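Engineer: There's a structure below that I have some questions on.
Derivation of every value follows stated rules applied to the coordinates shown; laboratory data play no part. These numbers were taken from a predicted model, which means no experiment stands behind them. With ideal geometry, Cβ positions are generated from the backbone for all residues, glycine too; neighbour counts draw on all protein chains shown.
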Amino acid sequence: MLHMNTDTLASDFGPSFAKTPSAANAEVIIVCEHAANWIPTQLDALGLDDEVRQSHIAWDPGALGVARKLAELLQGPLIEGCISRLVYDLNRPPESPTAIPATSEIFDVPGNRDLSDAARAQRVEAVYEPFRAALAAEIAARKTALRLMVTVHSFTPVYKGETRAVELGLLHGRDDRFAQAMLAHQPEGLQWNTRLNEPYSASDGVAHTLDMHGCDNGLLNVMLEIRNDLIATADQQDHWAAVLAPWIRATLEERFA
């Protein structure tokens, strides 16, 4: 019988975030919540095989490479998640049933089934709270200069058997200003299939970071959702960042001067 240690101590999980610093006068902060597919060994892979743990349900493939290059080009700090979204989804509040999903797309997650309140609380303490506190502190320390938060995600081209044509989604929560401005300010000749609030929207519960850390701090904010087959290699990730960075910068400078 499969045994999963769901009551492991929070301190055993390892770091839930990493930070790449930048100059104090940075105007843009980059966030990548689903950067990693690491599952702490004490959780026995959550009962999943290696193929599933490498798939999009465990993380956002390609997103971290884009996020790191964007942070470099925009000269802003980066906060990235270090633990799989299946252990705890950093873009969900603790009260959300999808914060620790028992199923993801078509896959059951045995290690998340029938968790005790104590086990759920340990996940919150070990993964969500350190990430939340680090992001909040980074924003608070940069209040005078910081203007925009960009979160970077990727999505699978086929979901529940349905093919997705969209290549780039510009998502927003309570504040739609920057997403709308980016959509209206696309670079000339851009060939990407770019849509507002696709393939997800705030109604899917994806706006937690945008609203809590962006809106509540008076920051402009936008979520970038990139189809993961288009950012599978380092060269592709660098290319996307090289297009997105000046687009973001121009939108910020020309529409929000």
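Engineer: Taking semi-axes √(5λ) of the Cα gyration tensor in Å as the quantity of interest, determine which of (i) 24, 21, 20; (ii) 30, 21, 15; (iii) 56, 23, 15 was computed from the displayed structure.
Structural biologist: (ii)
Engineer: Starting from the Cα of residue 143, draw a straight line to each of the lysines and keep only those under 22 Å, dropping any in the same chain fewer than 8 residues away.
Structural biologist: Of all the lysines, those that pass the test against residue 143 - Cα under 22 Å, at least 8 places apart if same chain - are 19.
Engineer: Same structure again: Which one, 200, 166, 213, is farthest towards the positive end of the dipole of the chain when Lys and Arg carry +1 and Asp and Glu -1 on their Cβ?
Structural biologist: Of the listed residues, the answer is 213.
Engineer: Expressed as a rounded percentage, what relative contact order does segment 10-255 have, with Cα pairs under 8 Å and six or more residues apart?
Structural biologist: On the way: 470 pairs, mean separation 62.7, N = 246.
It rounds to 25 percent for segment 10-255.
Engineer: Counting Lys +1, Arg +1, Asp -1, Glu -1, what net charge surrounds residue 214 among other residues with beta carbon under 15 Å of its beta carbon?
Structural biologist: Charge balance near residue 214 sits at -1.
Engineer: Give me the net charge for the shell around residue 226: Cβ to Cβ below 9 angstrom, other residues only, Lys and Arg +1, Asp and Glu -1. Write out the running numbers ahead of the final one.
Structural biologist: On the way: positive: 227; negative: 60, 167, 225.
Here the count lands on -2.
Engineer: Here's another thing I want to ask about it. Just subtract the alpha-carbon distance of residue 133 and residue 232 from 0.36 nm times their residue separation and send over the number in nm, one decimal.
Structural biologist: So the chain would gain 32.6 nm between residue 133 and residue 232.
Engineer: In nm, to one decimal, how far is the modelled label at residue 54 from the one at residue 107, with both set 7 Å along Cα→Cβ?
Structural biologist: 1.2 nm
Engineer: Which of the peptides 128-140, 54-66, 169-181 is most tightly packed, and how do the rest follow, judged by the mean count of other Cβ atoms within 10 Å per residue?
Structural biologist: Per-residue mean Cβ counts within 10 Å order the peptides as 54-66, 169-181, 128-140.
Engineer: Moving on to the next point. Once phi is turned into ³J(HN,Hα) by the Karplus curve 6.51 cos²θ - 1.76 cosθ + 1.60 with θ = phi - 60°, what whole-Hz value does each residue of segment 109-118 show in order, with x for glycine and proline?
Structural biologist: Running phi through 6.51 cos²θ - 1.76 cosθ + 1.60 with θ = phi - 60° gives 10, x, x, 10, 7, 6, 5, 6, 4, 5 Hz.
Engineer: Roughly how many nanometres apart are two label points built 7 Å out from the Cα toward the Cβ at residue 254 and residue 191?
Structural biologist: Going from the residue 254 label point to the residue 191 one covers 2.2 nm.
Engineer: Per residue of segment 152-158, what does 6.51 cos²θ - 1.76 cosθ + 1.60 with θ = phi - 60° give for ³J(HN,Hα)? Whole Hz please, x for Gly and Pro, Karplus curve as stated.
Structural biologist: 10, 9, 9, 9, 6, x, 10
Engineer: Could you identify which residue out of 24, 207, 36 has the top mean-square fluctuation in a GNM of the chain using Cα springs shorter than 10 Å?
Structural biologist: 24
Engineer: Sequence-distant or interchain residues sharing an amide H contact under 5 Å with residue 17, placed H: which?
Structural biologist: Answer set, sorted by chain and number: 82.
Engineer: Starting from the Cα-Cα distance between residue 27 and residue 174, subtract it from 0.36 nm times their residue separation and give me the gain in nm to one decimal.
Structural biologist: Net length gain for the segment: 50.9 nm.
Engineer: Still on this model: When the Karplus curve 6.51 cos²θ - 1.76 cosθ + 1.60 is applied with θ = phi - 60°, which whole-Hz ³J(HN,Hα) does each residue of segment 72-88 get, with x for Gly and Pro?
Structural biologist: 5, 6, 8, 6, x, x, 10, 10, 10, x, 10, 10, 4, 4, 6, 6, 7
Engineer: Need the list of aspartates and glutamates near residue 69 for cross-linking: C-alpha distance under 17 angstrom, and skip anything on the same chain fewer than eight residues off.
Structural biologist: Once the sequence-local aspartates and glutamates are set aside, what remains near residue 69 is 27, 33, 60, 80, 225, 235, 238.
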